[in-house]
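The values are calculated or read from the model by the stated rules, or taken from the named source; none is laboratory data. Since we're looking at a predicted model, the values are computed, not measured. For neighbour counting, all protein chains shown are included, and Cβ atoms are generated from backbone atoms with ideal geometry for every residue, glycine included.
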Amino acid sequence: MYLVVGLGNPGSEYEGTRHNVGFRVVELAAAGLGFRFRTYRSHRSAAGRKAGNEIVLSLPGTYMNNSGEAVRELLAEHGIAPGDLIVCCDDLHLPLGAVRLRKQGSDGGHNGLRSVIREIGTQDFPRLRCGIRGASAPGPGEATAGYVLGEFEAAERGEARAMAARAADALVLAIREGIDRAMNIVNAT
């Protein structure tokens, strides 16, 4: 069984923001798998079975900085080990359009990942990071909140949509083929 969690902020005011790329990618993956989301107390989830695997795709109802609370609850509810969790999030350190899959790692300065690591007590879980660093990104030492909570510029939207589609395909590949094989394919591009 796999638990795939997209990180983002709930609410319509955040829908098109850079910080909500994780939500968009998981929504695209669910659509590609033919899964439909249902709303629960602390999250929206879609579940089903594909390629012999039970899959739960989830979007926490908590804000980004508290994503770990929902992830911890979902792991416990479904009896899933952190190694069978895949977290999808934005990454300001990667250029717009880049998609990287890793088996484990630090939070890399991402508050949502930091919350997940803190709440589940390990950084040993796969994560799919999607680059959001465009031409207008803040420089070193500059505030980032306004940038990540802003929408993609008009000239960036096509690349952002293409990246989200590639990332959704990468999630499905990781579930069907395993993390190691998916990493070899996804990270080669």
Exercise for the section: Output yes when any residue across the stretch 70-79 is closer than 22 Å to GLU159 by Cα, out of contact with any Phe, Trp or Tyr (no Cβ under 9 Å at 6 or more places or on another chain) and either at pLDDT 95 or above or among the polar types (S, T, N, Q) (or both), and no when none is. Expected result: no
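The rows are residues; the columns are (1) in contact with a helix residue (DSSP H, G or I) (Cβ under 9 Å, 6 or more places away or on another chain); (2) aliphatic (A, V, I, L, M); (3) at negative phi.
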residue	(1), (2), (3)
ARG49	no, no, yes
ALA76	no, yes, yes
ALA81	yes, yes, yes
VAL99	yes, yes, yes
Fill in the blank from the handout: Expected single match for more than 21 Å from VAL172 (Cβ to Cβ) and among the basic types (Lys, Arg) among ARG18, ARG24 is ARG18
Exercise for the section: Can you give me the number of residues within the stretch 3-36 that are surrounded by fewer than 19 Cβ atoms within 10 Å (Cβ to Cβ) and not hydrophobic (A, V, I, L, M, F, W, C)? Expected result: 10
Practice task
Output the strands (runs of 3 or more DSSP E) that fall wholly within the stretch 46-165 and possess 1 or more residues being touching a Ser or Thr at 6+ places or on another chain (Cβ under 7 Å) and over 25 Å from ARG181 (Cα atoms), or say none.
Solution key: 53-60, 85-95
Handout entry: Of all residues in the stretch 64-120 being crowded, with 18+ Cβ neighbours inside 10 Å and hydroxyl-bearing (Ser, Thr, Tyr), the one that is farthest from MET163 (Cα to Cα)
Key = SER115
Fill in the blank from the handout: Residues of the stretch 1-45 being under 24 Å from GLU177 (Cβ atoms), assigned to a loop (DSSP other than H, G, I, E, B) and within 14 Å of the chain's Cα centre (by Cα), in sequence order, are LEU7
Practice task
Please identify the pairs in which a residue from the stretch 9-32 that is at positive phi has its Cβ atom under 9 Å from the Cβ atom of a residue that is surrounded by fewer than 17 Cβ atoms within 10 Å (Cβ to Cβ) and of a type in the set (S, T, N, Q), counting only partners at least 6 apart or on another chain.
Solution key: none
